[in-house]
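Okay, structure first, notes after.
Any read-out appearing in this document is the output of simple, stated calculations on the displayed coordinates, not a laboratory observation. It should be emphasised that the depicted structure is a prediction, and the values quoted were computed from it without experimental measurement. Quick reminder, even Gly has a Cβ in these numbers, built from the backbone with ideal geometry, and neighbours come from all protein chains shown.
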Amino acid sequence: MSQHRHFVIHKPFGYLSQFVNNQTKRKNKKLLGELHAFPEGIMAIGRLDEDSEGLLLLTTDGKTSMRVRSKKVEKEYHVQVDGEITDAAIARLQKGVEISNGKKKYLTLPGKAKRLDLPPTYPPRTKRIRDERHGSSSWVSVTITEGKFRQVRKMTAAVGFPTLRLLRIRIGSILLGDLPAGGVIEVDTFHLI
C-alpha cells in the first residue's frame, strides 16, 4: 500500500484551489499544479478563493482531509477591511453573523475576532489594492471553525466592512509563517494541535 503525502503551501493571489480546470468559462486560470509537481491523487483540504492568499494544506489522504476540515480545527485569517473597523463590528464577528449561503440565510458559529493595531507586513499583492486616497483601511484577525463559501468575506461585509485582502495564516497549530507566496513544503503529517 502506498504511503500518503502531505504538503503545506502558500497559495498566491490569483490561483484557484484546484488542479484541473473543468469549467469552460474559466479559461486561462492559474491552478495549484503550476506551483509544484504534486503526486497523483492530491487534493486541497478546504479552499481559498481566487482572490485570497495564504495557508493551504494538500493531501492524498481523504481521512486526513476530513479531520482538518472538522469544526474542531480553528482557521485564522488576517483580513484587510475597507474603513476603520469598530468595536461593535468586532463584537458581531465574535458572536456570529447572518450570511447568505446560496439561497439560504445562515448564522455563522461564534468565533474569535480582534483588531490588529499594527498592520501585518506581508509582501505586496500581485494585483494592487486601492490606496489611502480611496479611504482608510484596517486589519482584523478572524478565527473560525467552519468554512462556508467565501465565509470570512461575507462576514466582514455583513458587519459593514468589506474585505480588501484576505490571508489564511493558521490551520490548527500549523502556521503560514514566512513561507513565501507560491512556496511548497512537503511534511510527514499534519500536527494540528
### Query
Quick one: Cα centre-to-centre distance for the range 43-63 and the range 115-193, in angstrom?
14 Å
### Global geometry of the range 127-193, whether rounded, prolate or oblate, following the gyration tensor of its Cα atoms and the 1.5 cut on a/c
oblate
### Message
For Cα pairs less than 8 Å apart in space and 6+ apart in sequence, what is the mean separation divided by the residue count of the chain, i.e. the relative contact order in percent?
### Response
32 percent
### For the range 41-99: rounded, prolate or oblate by the Cα gyration tensor [a/c cutoff 1.5]
prolate
### Query
Just from the alpha-carbon atoms, what are the Rg and Dmax of the range 76-193 in angstroms?
15.1, 47
### Task
Please label the shape of the range 82-149 as rounded, prolate or oblate, based on the square roots a ≥ b ≥ c of the eigenvalues of the alpha-carbon gyration tensor (a/c under 1.5 means rounded; beyond that, a/b larger than b/c means prolate, else oblate).
prolate
### Task
Report the one residue of H10, L57, A88 whose Cα lies farthest in the direction of the positive end of the charge dipole of the chain (charges on C-beta: Lys and Arg +1, Asp and Glu -1; origin at the Cα centre).
A88
### Task
State to the nearest 20 debye the size of the charge dipole of the chain about its Cα centre, where the only charges are +1 on K and R beta carbons and -1 on D and E beta carbons.
820 debye
### Task
Would you list the P(r) distribution for the range 1-137, with all Cα-Cα distances sorted into 10 Å bins from 0 and each bin expressed as a whole %?
9, 29, 36, 22, 4, 0
### Under Karplus coefficients 6.51, -1.76 and 1.60, residue-wise ³J(HN,Hα) of the range 65-80 in Hz, glycine/proline x
4, 4, 5, 5, 7, 5, 6, 7, 10, 6, 10, 10, 10, 9, 10, 8
### Query
Using only helices, what value at 222 nm comes out for the chain when you add -39,500 (n - 2.57) per DSSP H run of length 4 or more and divide by the total residues, to the nearest 500 deg cm²/dmol?
-3500 deg cm²/dmol
